[in-house]
Structures are given as C-alpha cells and as structure tokens.
Amino acid sequence: MSKIIIGRYIPGNTLIYKMDPRGKLLATIFFVCIIFLANNWLSYSIICLFSLLAVWATKLKPKVFWDGVKPLIGLIFFTSLLQLFFTSGGEVYWKWWIFTCSSYGITNAVYIFIRFTLIILISTVMTVTTMPLEIADAMEWILTPLKIFKVPVDKIALVMSIALRFVPTLFDETFKIMNAQRSRGADFNNGGLIKRAKAIAPLLVPLFINSLQTAVDLSTAMEARGYRGSEGRTRYRVLNWSKYDLYNLGYFVILTVLLLIFRTH
C-alpha cells in the first residue's frame, strides 16, 4: 500500500514535465480512445512502441511504472481470462462445459492485457509528471462548458483537487496504523481470506476518525484564510500553452495516422 503512486507527483525536468497539464490530460483521454483502433499485431506493436517512448521520456525508473501497474495486475489477468475462456471462434484447442479455449480467445486475451496495461502506463506518465493541483485545474478547464447548464464546476474542481491531494496521505495514514497495530501483535499477512479480512476490519475505525479529523482541520484552515467560494477569485497558477504542447499534439497525430494506416478492415 505504501508503494501505490496514485496522486503522487515525482519531480523532474524533462520535456513531459514542461507540457501544459491540460494538454497532458487531453492526450491521456485521447490515448484511451485511439487504443481501440489497434486490432492486429502490427498496430499493437506500434502503440506499444509509442507508449514505451512516452515512459522513457519521463527519465524515471521503470520501477515507478511497475508500481502503477502492480495493484491492478490481478484485475487485468482476470479480465484477460474471461476473454480467453468465453470468446469463441477460430481453431478450438480445448473445450469443457461453458469454457472454450480457441485461437480467437487467446488473441483477444493478449490484446485486452496489452490494452489495459498501456492505459495504466500512460495514465501513470500523466500523474507522476503533473502535480495534483495542476490536474485539478486541467479538469476544471475541460468542464468549463458545463457552466452553461449551471453545473458548479468550481466546486467540483475543488473537491477533485482535495481528493487528489489527500489520496497519498490516506495511504500513508493506513500504513502507519497497520504498523502500529503490528507492534501490538496484529497479523495481516497470515491465515486465510476470512482471517485477513477480520484483521483488516479494525483499521477502518481509526482510519475513518483520522479522515474526519483531517477534513475538519482542512475546513477550519480554509475558513481562517477567508475562503468563501470560487466566484471572483484570482489564480496563483496560470496555465499557458507552449511549444512543448505542439510536440505532444504532433506525437499523437503521428500515432493516430499510423494506427489508421495499419488497421485491418
């Protein structure tokens, strides 16, 4: 749990760090959309190459991105297994009851595994190279058109920024409580699933109380500093598009064109 990097910003000074957070967020959303254009080994090879280039451009250790994928690796494998045994078509290698292992099933399982892994990698590239507050500002900018429909975009952005800021704090607090209970004889690693669940249950009460106390302290601090909502407020962080965002745009344009060229119909 202490190694989960959701919401954790890792300082750096590479080209990706210099990009506007709005461009990085839009690029991540765009990547999730265009990855479905890949439908053969060549197109998946191309998108894997471009994803690895984005990871390499951060100049961060591979372990950082492995920590981003590792918490979800079980879910990815489970989804791939569903594709493997419940997709029919092609040459059948094994069949029992409702389960079938065919050539189409194997291909789809591998495609699903690659797809989910790449989405997590690119999302990790954005989160580790962009400060949580900048991500919240980018989300607020994207949601700005909703103001026409009287949607409180400013309040939504505030909630998102607070949530992103305190996700790592929540994980760290959980880790501290676990260590404190281990020192008192608690065992979280041994026994069956039910025993481990019972051992984790006592964590919830102190974690919930600490979270409420953190929320109260935060609200008190905001009131003490005169926060009365977002209307009429100026911004300390000003987002500006730069030439690096043109590089980002060109990067994804090239990727999209290659996927369309090598996509089979």
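Given +1 at the Cβ of Lys and Arg, -1 at the Cβ of Asp and Glu and no other charges, the dipole of region 87-197 around its Cα centre is 400 debye to the nearest 20.
The dipole here belongs to region 1-70: it is taken about the Cα centre, uses +1 on the Cβ of Lys and Arg and -1 on the Cβ of Asp and Glu, and is about 280 debye.
Taking amide H atoms as placed 1.01 Å from N in the peptide plane, the amide H of Met19 has no partner under 5 Å among residues 5 or more positions away or on other chains. Of the candidates Trp94, Trp241, Trp66, which one comes out as most mobile in a Gaussian network treatment of the chain with C-alpha springs shorter than 10 Å? Among Trp94, Trp241, Trp66, the largest mean-square fluctuation in the Gaussian network model of the chain belongs to Trp94.
With a probe of 1.4 Å, find how much accessible area the chain has per residue, and write the answer as a whole number in Å².
Details: 16640 Å² over 265 residues.
On a per-residue basis, the chain sits at 63 Å².
Can you flag which of Lys24/Lys150; Lys18/Lys63; Lys24/Lys155; Lys18/Lys150; Lys63/Lys176; Lys18/Lys59 are past 25 Å Cα-Cα? Beyond 25 Å between Cα atoms: Lys24/Lys150; Lys18/Lys150. Largest GNM mean-square fluctuation across Glu91, Glu134, Glu173, computed for the chain with C-alpha springs under 10 Å, falls on Glu91.
Quickly estimate the mean residue ellipticity at 222 nm for the chain, helices only: each DSSP H run with n ≥ 4 gives -39500 (n - 2.57), and the total goes over all residues, rounded to 500. My calculation for the chain gives -22500 deg cm²/dmol from helical runs alone. Sequentially through region 245-261, phi angles give Karplus couplings (6.51, -1.76, 1.60; θ = phi - 60°) of 6, 5, 4, 4, 5, x, 4, 7, 5, 4, 4, 5, 4, 5, 5, 5, 5 Hz, Gly and Pro residues having no value and appearing as x. Among Lys176, Lys61, Lys150, the largest mean-square fluctuation in a Gaussian network model of the chain, built with springs joining Cα atoms closer than 10 Å, belongs to Lys150. Cα centroid distance between region 21-87 and region 107-141, in Å? Result: 8 Å between the Cα centres. Pick out, from Thr144, Leu42, Met126, the residue whose Cα sits farthest towards the positive end of the charge dipole of the chain, with +1 on the Cβ of Lys and Arg and -1 on the Cβ of Asp and Glu. So the residue we want is Met126.
Just the number, please: carbon plus sulfur as a percent of the accessible area of region 68-123, 1.4 Å probe, no ligands or DNA/RNA counted.
Values: 2410 of 3290 Å².
C and S fraction of accessible area: 73 percent.
Here the chain is assigned +1 on the Cβ of each Lys and Arg and -1 on the Cβ of each Asp and Glu. Its dipole about the Cα centre then comes out at about 340 debye. Specify whether the C-alpha gyration tensor of region 153-224 places it in the rounded, prolate or oblate class, a ≥ b ≥ c being the square roots of the eigenvalues: rounded for a/c under 1.5, otherwise prolate if a/b is larger than b/c and oblate if not. Note, shape of region 153-224 comes out prolate. Rounded to the nearest Hz, the phi-derived 3J(HN,Hα) couplings of region 113-120 under the Karplus curve 6.51 cos²θ - 1.76 cosθ + 1.60 (θ = phi - 60°) are 4, 5, 4, 5, 5, 5, 4, 5, where x marks glycine and proline.
The portion of the accessible surface of region 153-224 made up by carbon and sulfur, rounded to a whole percent, is 68 (1.4 Å probe; DNA, RNA and ligands excluded).
The values are calculated or read from the model by the stated rules, or taken from the named source; none is laboratory data. Since this is a predicted model, take the numbers as computed values, not measurements. Cβ coordinates were reconstructed from backbone atoms using ideal geometry, including for glycine residues, and neighbour counts include every protein chain displayed. Just the protein is used for accessible areas: all its heavy atoms, side chains included, with ligands, DNA and RNA removed. Shrake-Rupley method; radii C 1.70, N 1.55, O 1.52, S 1.80 Å.
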